[in-house]
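Please treat every number below as a calculation from the coordinates, not as lab data. What you see is a predicted model; the values in this text were computed from it and never measured. Neighbour counts are summed over all protein chains in view; Cβ atoms, including those assigned to glycine, are modelled from backbone coordinates with ideal geometry.
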Amino acid sequence: MSAEVVDEPVAPEGEGGFVRVRIEFAYDGTDFSGWARQPGLRTVQELLEDALHKQPPGKRLAGPVVVAGRTDAGVHADRQVVHVDVVPLAAEEAGRLGVDEHGLPDLDRLCFRWNRILPGDVRVLRAVAAAPGFDARFSAMRRHYRYRVSDAPWGVDPLRRRDTLAWNRPLDVDRLNRASEGLLGLHDFAAFCKKREGATTVRQLQTFCWERVEQHYLVARVSADAFCHSMVRSLVGSVLMAGDGRRSVGWPAEMLGSGTRTSSVAPAHGLTLVGVDYPPDEELAERARTTRARRSL
């Protein structure tokens, strides 16, 4: 989930002579200690930045990568987004990759090279010159997550054990959806977030719905303009308690209103970031300025 610590972009539009590159990638979070770099731990950020330093999309990187949404240890991503600022190349510096009008080498060929450097549980899917005003984090309009659950009496199919939670009680989809509906809208989600000093917990939860996709398999889809730390897993964990009848359908909404931190946090491995939405190119810079403003109710 994204950590809402407001910081400035590495290269503000029109300053520094840098070029911004947008990169989309996917990863299996099982063997990672989350997105963010941490001393002595295997993280997605460390491996991705290492690949970019070894084969930079310019003369050199001008700063760290900036991610659309930081994910916790064990959380997966189908379509994560980052940007990185680089010093552009002169034509004579590009070598066999050539250089485009932005001073960038052939990014399609670079994706192939990055994937040769990266381990198999991280794959770069696409890289392009970013539109003016683009910020992977602050220009985002919403993030989409999926949570997979099995309520089969035998647990989870062995081939799905890395991305699906085994729930040992039958789940009622109607109860799950009724409990989820009570959480939609603009609220202070302090009850469902790990608090961070100076960070707001006001969010707009736009979608939270459940579907039984197979006899024993269910999928939750959760979308919001942003998420605070552990928010999706806390929402899912609380609603699952209502879905199996141990809590009332209205209990998650009661927790939301009270602001009391819930202890019902679903395990990380069932959660996947599946997409990030951005506005049209001409609205990117304004969206980033709006997002940086601290929100309250």
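Worth a mention:
- Equivalent ellipsoid, the stretch 124-210 (semi-axes from 5 times Cα gyration tensor eigenvalues, Å): 31, 22, 13
- The spacing between the stretch 160-222 and the stretch 223-297, judged by their C-alpha centroids, is 8 Å.
- Gaussian network model of the chain, springs between alpha carbon atoms under 10 Å - residue of Ser223, Ser264, Ser150 with greatest fluctuation: Ser264
- Between amide H atoms placed 1.01 Å from N, distances below 5 Å from Gly275 occur with Arg79, His144, all of them 5 or more places distant or on a separate chain.
- A cysteine counts as unpartnered when no other cysteine's C-beta lies under 4.7 Å of its own; in the chain this applies to Cys111, Cys209.
- Based on the Kirkwood approach, the hydrodynamic radius assigned to the stretch 152-252 is 14.4 Å, with every pair of different Cα atoms included.
- Restricting the GluC sites (Glu not before Pro) of the stretch 45-115 to loop positions (DSSP other than H, G, I, E, B) with no more than 12 neighbouring Cβ atoms within 10 Å leaves Glu101.
- Projecting the Cα atoms of Leu118, Pro88, Gly103 onto the charge dipole of the stretch 84-123, computed from C-beta unit charges around the Cα centre, puts Leu118 farthest toward the positive end.
- Normalised size of the chain, defined as Cα radius of gyration per 2.2 N^0.38 Å with N residues, equals 1.07.
- Beta bridge orientation in the chain: antiparallel %, DSSP, nearest 5: 90 percent
- Segments 236-242, 124-130, 189-195, 268-274 sorted - mean Cβ within 10 Å per residue, highest first: 236-242, 268-274, 189-195, 124-130
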